[in-house]
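Participant: Let me give you the structure first, and then I'll get to my questions.
Each reported figure results from applying straightforward, stated rules to the coordinates on display, with no laboratory input. Since the model is a prediction, treat every value here as computed from it, not as a measurement. For neighbour counting, all protein chains shown are included, and Cβ atoms are generated from backbone atoms with ideal geometry for every residue, glycine included.
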Amino acid sequence: MGSLRWGGDLLGELLDLCVREKVKLGRVEAIGSVQRARLGCYHQKSREYRHFALNEPLEISSLIGNISLKDGQPFVHAHVNLSDARGKTFGGHLASGTIVFACEYTIEAFGGMELTRVHDKRTGLHLWRGDDDR
Ligand code: ZN
């Protein structure tokens, strides 16, 4: 558990922590606030993330995600809900470009097994290899 530095990139800081602490499998959650945000939504037909920017201070009302391996390196996949001064909430897939104002995180590392993301033809996403793929 800890806090992220002011002005850091939220996703990048979480990833750096996992690399530094050698977290290969785990879960992450965080609360706090951001100076601005960039989120994505996966467009299933075109098979690409479409990003949008929220250029205002927002509360991190909820951030939840997981840590696994992609190309042999830790990979953080996180979704976030952000709320404005009136409580209006925006949400999506956390992308780089979301800038920390203040953030308290918890990362829980799991030992034992490893999960690796591999390209999935059906979705175009990098997913965990499932039982039906073996
Ligand atoms: Zn996602």
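Participant: Round to the nearest 10 and give me the degree value, 0 to 90, for the angle of helix 10-20's Cα axis relative to the longest principal axis of the chain.
Facilitator: On a 0 to 90 degree scale, this one is about 50.
Participant: Taking K and R as +1 and D and E as -1, what net charge do the other residues with C-beta under 12 Å from the C-beta of Gly65 add up to? Intermediate results must be reported in sequence, preceding the final value.
Facilitator: Numbers: positive: Arg27; negative: Glu29, Glu108.
After counting each charged neighbour, the total is -1.
Participant: What's the magnitude of the charge dipole for the chain around its Cα centre, counting Lys and Arg as +1 and Asp and Glu as -1 at the beta-carbon? Answer in Debye, nearest 20.
Facilitator: Working: 18 positive and 17 negative charges, 86 e Å.
It works out to roughly 420 debye.
Participant: Another question, then. At 222 nm, what value in deg cm²/dmol follows for the chain if DSSP H runs of at least 4 each add -39500 (n - 2.57) and the sum is divided by all its residues, to the nearest 500?
Facilitator: Working: 1 runs with 11 residues, N = 134.
Theoretical 222 nm ellipticity from helices: -2500 deg cm²/dmol.
Participant: Straight-line reach from Lys22: which lysines have Cα under 18 Å away, leaving out those fewer than 8 places along the same chain?
Facilitator: Result set, ordered by chain and number: Lys70.
Participant: Next question, about the same structure. Toward the positive end of the charge dipole of the chain, about the Cα centre and with charges on Cβ (Lys, Arg +1; Asp, Glu -1), which of Val19, Tyr42, Ala78 goes farthest?
Facilitator: Value computed over the given set: Tyr42.
Participant: Using the Cβ atoms and a cut-off under 9 Å, what net charge is assigned to the surroundings of Tyr105, where Lys and Arg are +1 and Asp and Glu are -1?
Facilitator: Numbers: positive: none; negative: Glu13, Glu29, Glu104.
Net local charge, Tyr105 excluded: -3.
Participant: Which of Arg38, Arg47, Arg122 ends up with the largest GNM mean-square fluctuation for the chain, with Cα atoms connected below 10 Å?
Facilitator: Maximum fluctuation in the GNM of the chain, among the listed residues, is at Arg122.
Participant: May I pose another question? To the nearest 0.05, what FRET efficiency results for Gln44 and Ser96 with a Förster distance of 25 Å applied to their C-beta separation? Before the final figure, lay out the partial values.
Facilitator: Values: r = 22 Å, r/R0 = 0.88.
So the FRET efficiency works out to roughly 0.70.
Participant: Return the FRET efficiency for the residue pair Thr89, Arg36: r is the Cβ-Cβ distance, R0 is 25 Å, and the value is rounded to the nearest 0.05. Walk me through the intermediate numbers first.
Facilitator: Details: r = 16 Å, r/R0 = 0.64.
With a Förster radius of 25 Å, E is 0.95.
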